[in-house]
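Before any comments, here is the structure.
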């Protein structure tokens, strides 16, 4: 398994993401105008949802700290940190670092990227072997994973390559007009989800899949909650494509909830 240095960094990620996420999620109206770049309150609340989800994922990964169980969640966190840092570098000319919330976001992403570098180095050094343990996954689980990967990879690829003015970028899917900076940040989030979840397509151990679902659960809950808070922004009759954004979280959240309630969170005795 990875070292205690990686574990401590993962716990620290959890703390920083929890603080950052709480501020953005619960105070979006106040903090959106002073964030690191131009965002709306709904965007700030949604990003706060990511951060709360990352805090949840990092905490339970560090607490369980069994590579064969938590590696998918760790890969998600590693890719997220590196990808979001890449977005910050690409749009560094548009960064506004006058307010503490902007600095907190930057420091959190930098720490996440550092954690990714340390974790990846240790993984390459240790090369932990694949193990069989506990019950095996069934076809039902791969159907759920495949659907999830398909949804998020489409959002990721489109967000990475779309330009402002392309279909769906002017309130056609997300109910507000995004800057290119925000669009790429959202795409980086979806990319980290799609790549980490795709690992599940070759995973045979049910508890590893359940752990990943459980580690992602707060993401789904928090972002869905933000949708309900800002539901007034949606206009499905004028922009039916907005159903894609809302529907994606329900298509993922409902089966995930049922699966966790029926089969557990993946915490298994090995």
Exercise. What number of residues within segment 94-109 are in contact with a helix residue (DSSP H, G or I) (Cβ under 9 Å, 6 or more places away or on another chain), exposed (fewer than 14 other Cβ atoms within 10 Å of the Cβ) and assigned to a helix (DSSP H, G or I)?
Worked result: 3
Exercise. When you look at residue 119, is it at pLDDT 95 or above and either surrounded by 19 or more Cβ atoms within 10 Å (Cβ to Cβ) or out of contact with any helix residue (DSSP H, G or I) (no Cβ under 8 Å at 6 or more places or on another chain) (or both), yes or no?
Worked result: yes
For this session: Could you grab me the full set of residues in segment 232-250 that are touching a helix residue (DSSP H, G or I) at 6+ places or on another chain (Cβ under 7 Å) and within 18 Å of residue 197 (Cα to Cα)?
Result: 248, 249
Exercise. Just checking, how many residues over segment 48-63 are more than 11 Å from the chain's Cα centre (by Cα), more than 14 Å from residue 76 (Cα to Cα) and buried (at least 24 other Cβ atoms within 10 Å of the Cβ)?
Worked result: 0
Problem set entry | Flag for residue 130 being more than 30 Å from residue 244 (Cβ to Cβ), at pLDDT below 95 and either assigned to a helix (DSSP H, G or I) or more than 19 Å from the chain's Cα centre (by Cα) (or both) | yes
Exercise. Assuming residue 44 fulfils every condition listed in (1) buried (at least 21 other Cβ atoms within 10 Å of the Cβ); (2) within 20 Å of the chain's Cα centre (by Cα); (3) in contact (Cβ under 8 Å) with a residue 24 or more places away in the chain apart from one, which condition is it?
Worked result: (3)
Seminar exercise, completed: Selection over segment 60-84 where residues are assigned to a helix (DSSP H, G or I) and farther than 19 Å from residue 15 by Cβ yields a count of 9
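The values are calculated or read from the model by the stated rules, or taken from the named source; none is laboratory data. Computed from a predicted model, the values in this text were never measured in an experiment. Cβ sites come from the backbone with ideal geometry, for glycine too, and all protein chains shown count toward neighbours.
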